[in-house]
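Where a number appears in this text, it was derived from the coordinates with a stated rule and is not lab data. Quantities reported herein were computed from a predicted structural model and do not represent experimental measurements. Cβ coordinates were reconstructed from backbone atoms using ideal geometry, including for glycine residues, and neighbour counts include every protein chain displayed.
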Amino acid sequence: MGLDNLQKSQESSVESNGVASPGPSGMLAAAKVIRKAKGYSRPSPISNRVSSRNVARNEQRCGKSEGSCAASDRKRLRDGPQPGDRTFIGNDFSRMGFNLGPGRKSYNRDKFTDKWTLDYLTNNVFDSLDNTFDFCMTHGLLSLKPEDAPICTHPGCDTKMRLTKCSESESHDRLIWMCTKTLEGQKRHRTKCSIRNGTMFSSSNLSIAEILLICYLWTQDVSNSFVEFQYGFEGHTVVDWFNFCRELVEIDFFLHSTQVGGPGKIVEIDESKFGKRKYHRGHRVDGKWVFGIIERDNLSNILMVPVENRTAKTLLAIIKDWVIPGTTIMSDCWKSYDCLEHEGFKHLTVNHTYNFVDPDTGACTNLIEGSWLHAKKSFPKYGTSKDLFDSYLGAFLWRWRMRHNGRDLFESFLSAVRGVYPPK
Ligand SMILES: [Zn+2]
């Protein structure tokens, strides 16, 4: 979207805002009503508090775009950007006589046209409610099919609810499941249920497009402050959703983790202390010990687990869980590893007091040592609370694995969502 269009759309939404539109308090009340509808579960760990600022923005962003809904192109929504689709900042410059188009090899652009970009999502997915819903349906994030409708909870009714258009004050999705049947001998009842029930979007007052936007930005490793500043979200909203994203991919990471190594394969193991330094201005401040495993020929086979202590019992239990017997394990000379030979592993050590690679066996633990650096860099600079520690570690592992498998992070995130909130 060019700058001109952006200005126009802002102007038009201001105009239509002038007409009596439901105020933020009306939206809140409606949200409460929807929540009350029976069966409205809160599967998401996110507790989003609504802000009047956000509600006002929702109205501006999604509500008014209905008239501009283009016929959706399902293939494009499903497959994402195709080569040549991507619009470039360079397009604007070309009007001014600069040549910054896709032909310029220095931008590495040809290589990345098949990945989800913010530009593509903004122009093809977030631009209208229709496109956002189509995107959610094609990616299994949400179902609006009649066969997936929830059952009416009115006593004795027991029929499937119908998808109904509703006012913006009722739900800013503009759609709601509803039953308005008249049962014999009864007054007509009206049961409503949010279309977000049981999805990752439930329990949030943001629009679906806004949630996807924040999640996309999270996958791109964008900072909280960038999201707040560029899009005007409340700080706690961004924090909550970023926490959600980390928890989600942490689950996804462990759901898809299998044992590593095998006969003839080499894995490196090591422990490292995360968090504050052990001795800080004279008094002891504890960090957290993490045990790590990485497979040499397949870097995506990585695992890091927080441990209470570094005893043979603790570490051996993890090794036996995650490393296939017969694997060659390389480690430093930490005494807890002495038992590995008796547990069905080949064990080579490198004594870091003398060298980094053992001159006789070639054993070294450079890979795992290097990954500690990356892992620690992915943590917030000033430390993190105990509760969030695991999810930061999980998110680091997830990103590491996806990158080493050459996967698009947003695509992988969507697949993680499907794993945790299975499509109906
Ligand atoms: Zn009913």
Original post:
Dimensions of segment 361-424 along principal axes (Cα, Å, largest first)?
Top reply: 53, 32, 17
**OP:** With label points built 7 Å along Cα→Cβ from the Cα atoms of Ser225 and Leu118, find their separation and express it in nm.
**Re:** 1.6
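Would you mind checking the pairs Lys346/Lys381; Lys192/Lys424; Lys386/Lys424; Lys288/Lys313 and listing those with alpha carbons more than 28 angstrom apart?
From Lys346/Lys381; Lys192/Lys424; Lys386/Lys424; Lys288/Lys313, over 28 Å: Lys346/Lys381; Lys386/Lys424.
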Subject >> Orientation-averaged projected area, Cα convex hull of segment 301-364 (nm²) >> reply: 4.8
Subject >> Gained length - Ser385 relative to Arg418, 0.36 nm times residue gap less alpha-carbon distance >> reply: 9.1 nm
Original post:
With each pseudo-label sitting 7 Å past Cα toward Cβ, what's the Leu255-Glu234 distance in nm, one decimal?
Top reply: 2.9
**OP:** For segment 266-407, just list the percent of Cα-Cα distances falling in each 5 Å bin from zero outward, please.
**Re:** 2, 9, 18, 21, 20, 16, 9, 4, 1, 0
**OP:** Put one equal scatterer on each alpha carbon of segment 178-327, apply the Debye formula with no solvent term, and list log10 I(q)/I(0) at q = 0.16, 0.18, 0.20 1/Å to two decimals.
**Re:** -1.03, -1.09, -1.15
